[in-house]
Every structure is written in structure tokens, then in C-alpha cells.
Amino acid sequence: MNKKGFLRKAMVTLLAGIMAVGVAGCGLRSSQPEAGKETKTLVVVNWKDYGSDKAEVVKQFEDKYQCKVVHIYMSSEEELLTKLRTDGVGKIDVVLPNASVLPVAEKENLLAAIDTGKLENYQYIADKFKTLPENSLDGKTYAIPWVWGSTAIAYNSNMIKENVASIHVLWDEKYKGQIGFRDDFNDAVMTAAIALGQNPHKPSDLKAVKAKLLEQKPLNKTYWKTGDEWSKLFANNQIAIGVMWSGQAALMKKEGQPITFVIPREGAIGWVDNWAIVRNAPNEDLAYKFIDFMISKEFQENWAKSGGPAPVNSLATAALDPQLVKDNCMDEASLNKLYFISYQTDEVKKAWNELWQEVKAQ
Amino acid sequence: MKRKIMLMSPAVFMLIAFGVVPLFIMFYFSFLSNGPHGSFTLQNYTDFFSKELYLKLTAKTVQLSLSVTLICLLVAYPMAYIMAKIIRKGKGLLLLLIIIPFWTSALVRAYSWVNLLRDGGLLEIFLRNLNLIEGSLGLLFTQTAVIIGLVHIYFPYMVITIFMSLEKLDDAILDAAQSLGATPFTTFRKITLPLSKVGILTGSILVFIPCLGSFVEPRILGGVNGSVIGTIIEDQFFEIYGWNFGAAIAFILLAMVLASMGLAARFNKEG
């Protein structure tokens, strides 16, 4: 998930960070449905250029349901949470939260419980996604999975001839100086925990995780942060193997790079983006229709074909080119090996981040 | 007079609205326990001073910034001296060349250094063709690469400030020293150097301070050992939304900046 691009990070000043709280709500006012007009306006919060805001998609939905769709963009999950907490309830209809904020939003009563029976396409969603613990609370469903991806191992098949199948390849002395590990505390802790056979959602022994990461450190060429960094290093043969995202690996393969993406047998990290309906949504019916549209075979297939992330709709996956499914590790066998990034409290995040900082500073 | 002072008001307004006020908001945040909410606490500050990690990285960052400042000084002084005192023509062109790097963003420059320094990169090809090296330099993703990147970005500040102080130095004084029998070295030590001290100090401050807070170059060029205090602050804000702790570290850094400026001012007065 490289939505938080490095470039943007570098440009966003501390000032902007501070102001975000104050300004977060301002964008909402203009999007309220105008009184007296018949057409309803559905307000959606999503990342920019992330599937639902494509002009053809918006037009198709607007024509079908005689409404208007307005997008408000978020730049982080935290920002979405802030929007909901300040003045989003009663104004926004649909939002795209992930596991990092869902439990908080549910607990604070910011979302509406979803009747999955009203979604025609819900039945086609692969089972693994229907049981994500963060998506429901007290037996009620609050979030509908939309797309997913994985963070696993990618390598240059011209430089590495063996069949990579184990996560321990990242600890293999043979590849010293050719490995690109990811500079991200969550990926680092979870990857090391998987390698150690610990539960990556709740590592039992953080000391061992830290030792494992320190053991890995001298083998790296560098720690990469943005997808752009990875592509350049890969294209210049500076790195031959490393931790990588499924989506970008598939895209690079499409561009002709000799890149192979694998989910190791021990497992890998997965992520899911989900749609949710905001409590007191002005257009709840339309919100249901929108989500149903987003998880339909047609939309999911088209987006995956044009380079989007993996679909949750199994009909869509079945309709895709098998080669694409294989390159992207979208198949069910790969899917079942994934540990989806789960909700962590601020304390846990802080501890993991500090552990990672210590590894980097050692 | 009063009217003329009024002309300052747009600048003063900008400074207050976008500099001073946010600074105070940050200062306030650094004493809170949980984002913009939470209760008053000193925890963020005690956390910093009680963990070896942060102290170690602070020491590393200071050392890095001092190295960069020193190298900038050694590179910039001769250039500024020659521009101010020796050549008569082409000063404008040289100044333009010094300023040109400012036209591209620091991020782009950092990425350019990746291409220059990497294994099999332009620098290696160049040196190999001259038969100066064999094999690989292994420069990229080391502390040296970070220093190279930072020196490149900040040395113009040093050249310009020293150049300006040397330009003001009256040539007649130098001629007088010479006619009174001082060797060129004595002239330099007793006249030129003391009279360009303000430029050296200003330049050093202008280089040292941004280096303390830098995070782009260490992150991109430093590889696995690229952590500095700036990257810690960045991660607090963007990775875990630890605004409070991030703000506290930023203020500790600010305190260090003020202390170093105080030290420089004192040094200036004494000499």
C-alpha cells in the first residue's frame, strides 16, 4: 500500500499536520445535497485515484441510479477517523476504512451496521474475507471487504535461479548485499514473527523478533521506503530480492521487468480495504447500492484488469487471465496463507515502532 | 517612518500566522498525552531522555552535522576567497553556478546522488575509465553518501556568506599589511580570517541547523544505517501518529539549535 507516497510526505510540513484537525471538516459543507433538487448526492470518502473515482465508473453509477456521486479524498486512515469524529456523521454516506481504524470507528458508534442480505454481490465474496475480526462487532457487520493485496517476497528471476519458496531466503547469507527489506515497522515485525513461527498479529516474544531483524540487517543492500525506490533499485540490479507488494510486482512484470512474486510457505502479510456506511448517512439506500456496485463482478474484474488490486469477488477472480492471477498471487491458495494486518492499539504500535527504530539505529 | 514600518506587516503577519502560532500549537501538543486531546504530561520529554536509542541518535546526528559543516567550510572558504579577492571577472557567473542547485528540489538531488554513487553508477564508470579504481566503491547506502549529499545541498550557503564578508574586506588593509612586511600567511591569519569570521559563523549556522533536522538525504542515501533524529520525528508523525512525542523531539532539537546559535553568538563577541 504505497498510498502515502514519500514525495508527499516530504512536502507535507508539520504545519499542515497541525492544521489538518482544524481544516478536516471544511471540505464537507459544499457536498451537502442542495435543497429543492430531486437528484440525491452520495458522498464518498476514498483515496484519490483509487478505483471508485474514475470518471467512467462514476458516470455509470450516476446514470444507473439517477444520482450524483461526490468524492472527498483522505490522505491517511487517521484523517478519515478525524472526519467521522468531527462532522462526518449525518453528512458522509460511504467511507473506506481499513483494519487500523475500523474497531475504533465501530466502538465510537460512527458507522452503521450493514445488513449483508441487502447486498446482492456479498455472496460472491471469498469466505476468508467474511470473517475478518475487525469488520464486525457484537455479531453485527460494519464493513464490506472490497480489494486486497499482499506484502511478500519478490525477486529478480534473472539473478536468482532457485525456486524461492521460504521466507528464510531473507536471512540467507548467499544473498548478502542484494536484499531490499522494507523500512516499515509493521512489515518488519510481522515478517520476522512469521519467520520465527510466532503469531504475527500478536508476537509472543518481541526480543526474539528484534534479534531476528538484527540478524537480517547486515544482509541488506538497503531498507526501501517507497515503491519508487524499489523500482529504481530493482531496475539497476542493485537489489535482487526483497519484501515487496503484490500490486507493484504485477505492474513491474507488465512493464517487462524479470520480477517474480511469491507468497512463501510460512505465510505473508495481507491487507484489505473495506467499504463502510456512516451512521445517519443521508442516502443509506444509495450507499448500499454503491457498495454492491463496488463489489460486483463487472467492476472488480475491470479494475483488476487495468492494474487495480486483487478483487474480493470470486467470480471476478475466476474471470481474470490465469497468468495475471498467478503473477499477482491472487489465487485462493495464496490467499489462505496470508495474515491480514490487524488492528493494533497505539501502545502496541508505539512499541513496534520503537523496536524497529532500535534495529535501524543499532 | 510609521508608514514605512507598516510595509513590514504582510511579512510579520505571515511569520506570526504560519510560524509562531503553529510553533506554540506544537509546543502545547508536546505536553499532551494523546493527540490533540489527552491530559498534561511530561512523559514525552522523559521518554526521550530515558531511552538510549534517542540519545545515541542525537549524538550521531550532531556528529554528522558537524562533519558536514566542517567539510562545507573547507570546500567553501577557498572558493569564496578566490571569488572575492583574486578573480576580477566572472564572479556573477560563479555565483549563478552556486545558486543553480537551488532550482531543483532536495528530493530530486538526493535521488540524483543515488544514480551517481550506486554500484556501477556514473561515478564508478568515470573512475574506472580513468583506471583509478577497480571493482566497486560501495559508496551508496553509507554514512559517507549521506555526508556527500548534505554537503552538496548546503555548501552554497557557506560560499555565499563567506564571499559576502570577504567582499566587504577593504583591499587597502591587505596591501597595508603586505607593505609592512607581513607574509601572506600572517596577513591571512591576522587580518583576513578574523574579518571573515562573521561570514564563517553565519555560514556554519546555516549549514549546521538544517543538517540537524534533515531526514530525506539520510533516508535515501544512508541505507540500513540511515536513521537520524530527523527520521525519528518523521516516523512519529507519519507512521504512528505520535504527534505528541514527535513534537517533543522537535522541541528538544529546537533547544539544541538555539543553544548552538547562542554559542556561536558568544564566540563571535569574544573574538
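Listing for the model above:
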| item | result |
| --- | --- |
| Number of positions in segment A:217-238 that are more than 23 Å from the chain's Cα centre (by Cα), at pLDDT 95 or above and more than 9 Å from chain B (Cβ to nearest Cβ) | 1 |
| Residue within segment A:170-186 that is in contact with a Lys or Arg (Cβ under 7 Å, 6 or more places away or on another chain), closer than 19 Å to A:Ile341 by Cα and either open to solvent by less than 30 Å² (accessible area, probe 1.4 Å) or modelled with pLDDT of 95 or more (or both) present | yes |
| Test: residue in segment A:189-197 that is surrounded by fewer than 23 Cβ atoms within 10 Å (Cβ to Cβ) and in contact with a Gly (Cβ under 8 Å, 6 or more places away or on another chain) | yes |
| Answer from B:Phe13, B:Phe40, B:Phe31 - the residue that is free of Cβ contacts under 8 Å to residues at least 12 places away in the same chain and touching a strand residue (DSSP E or B) at 6+ places or on another chain (Cβ under 8 Å) | B:Phe40 |
| Count of segment B:222-265 residues which are touching a strand residue (DSSP E or B) at 6+ places or on another chain (Cβ under 9 Å) and in a helix (DSSP H, G or I) | 5 |
| Residue match in segment A:244-256 (condition: surrounded by fewer than 21 Cβ atoms within 10 Å (Cβ to Cβ) and assigned to a loop (DSSP other than H, G, I, E, B)) | yes |
| Failed item, numbered, when B:Lys60 is tested on (1) surrounded by 17 or more Cβ atoms within 10 Å (Cβ to Cβ); (2) basic (Lys, Arg); (3) free of Cβ contacts under 8 Å to residues at least 24 places away in the same chain | (3) |
| Any helices (runs of 4 or more DSSP H) falling wholly within segment A:280-362 and containing at least 2 residues that are under 26 Å from A:Lys253 (Cα atoms) and not assigned by the TED database to the domain that holds A:Leu206 | A:297-305, A:314-319, A:322-327, A:332-336 |
| Any chance A:Ala193 is more than 19 Å from the chain's Cα centre (by Cα), modelled with pLDDT of 95 or more and within 24 Å of B:Glu239 (Cα to Cα) | yes |
| Matching residues in segment A:320-335 - criterion: being open to solvent by 40 Å² or more (accessible area, probe 1.4 Å) and either of a type in the set (Phe, Trp, Tyr) or within 17 Å of A:Trp146 (Cα to Cα) (or both) | A:Asp331, A:Glu332 |
| Count of segment B:217-246 residues which are closer than 23 Å to B:Leu42 by Cβ and among the acidic types (Asp, Glu) | 1 |
| In segment B:122-160, residue nearest to the chain's Cα centre (by Cα) [restricted to those that are over 22 Å from B:Leu212 (Cβ atoms) and in a helix (DSSP H, G or I)] | B:Leu123 |
| Enumeration of residues in segment A:129-150 that are touching a Ser or Thr at 6+ places or on another chain (Cβ under 9 Å), in a strand (DSSP E or B) and of a type in the set (A, V, I, L, M) | A:Ile144 |
| Residue match in segment B:104-121 (condition: open to solvent by 50 Å² or more (accessible area, probe 1.4 Å), farther than 17 Å from B:Glu217 by Cβ, more than 18 Å from the chain's Cα centre (by Cα) and free of Cβ contacts under 8 Å to residues at least 12 places away in the same chain) | no |
| Residue identified as within 11 Å of another protein chain (Cβ to nearest Cβ) and among the basic types (Lys, Arg) among B:Lys85, B:Lys60, B:Lys91 | B:Lys60 |
| Close pairs (7 angstrom Cβ cut-off, 6 or more residues apart or separate chains): touching a residue at least 40 places away in the same chain (Cβ under 8 Å) in segment A:66-82, of a type in the set (S, T, N, Q) anywhere | A:Cys67/A:Thr39; A:Cys67/A:Thr41; A:Ile72/A:Ser31 |
| Test: B:Thr231 is more than 11 Å from chain A (Cβ to nearest Cβ) and among the polar types (S, T, N, Q) | no |
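The values are calculated or read from the model by the stated rules, or taken from the named source; none is laboratory data. As the structure is a computational prediction, the values presented were derived from the model and not from experiment. Ideal geometry is used to build each Cβ from the backbone, glycine not excepted, and the neighbour counts take in all protein chains shown. Only protein heavy atoms, including side chains, enter the accessible area calculation; ligands, DNA and RNA are left aside. Shrake-Rupley method; radii C 1.70, N 1.55, O 1.52, S 1.80 Å.
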